[in-house]
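In what follows, a single structure is set out as structure tokens and then discussed.
Nothing in this text is a laboratory measurement; each read-out follows from the coordinates by a stated rule. Being a predicted model, the structure only gives us computed values, none of them experimental. Cβ coordinates were reconstructed from backbone atoms using ideal geometry, including for glycine residues, and neighbour counts include every protein chain displayed.
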Amino acid sequence: MGRIGDIVFSYFCRNTVTMVNSADFIARMERLLGYYGLTASAFADKIQVQRSSISHLLSGRNKPSLDFVLKVVKTFPEVNLYWLLNGKGSFPSTNSSETSIDPAPNAQKKGDPISITSKTDKTIEKIIIFYSDGSFKSYHGN
């Protein structure tokens, strides 16, 4: 999924109850358009979505999809994910370069089976995997 996808997935998992405020999101989208000097149509072309998608977002008819948010932050590195979704953080981002995170010394290697041990009575209720094509798969616990 990539670093951006992992960040967005993590954000959506922690904030499943929080909804994006449409009026505030529209204001941030308009700020993006002004900052880059783009029309709604040119912005849609740049992030490779249908022009009607931008129109529907800006009119408040639709809320942004995960795919839309991923395309914006991937295409425009100055856009801070948290700022785009809920207004927290800054725009343009003061640090537009991605930070690489080194895995822990005992990190799981790709292809190795995953062993999960829990020291609490918590159980996993649901896991959602988002794919790069915008689709997802949901797994429910017992």
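If you take the beta carbon distance between Y35 and R61 as r and set R0 to 30 Å, what does 1/(1 + (r/R0)^6) give as a FRET efficiency, to the nearest 0.05? Mind showing how you got there, number by number?
Details: r = 23 Å, r/R0 = 0.78.
About 0.80, to the nearest 0.05.
Label T123 and E78 with points 7 Å out from Cα along Cα→Cβ: what is the distance between them in nm?
Going from the T123 label point to the E78 one covers 5.0 nm.
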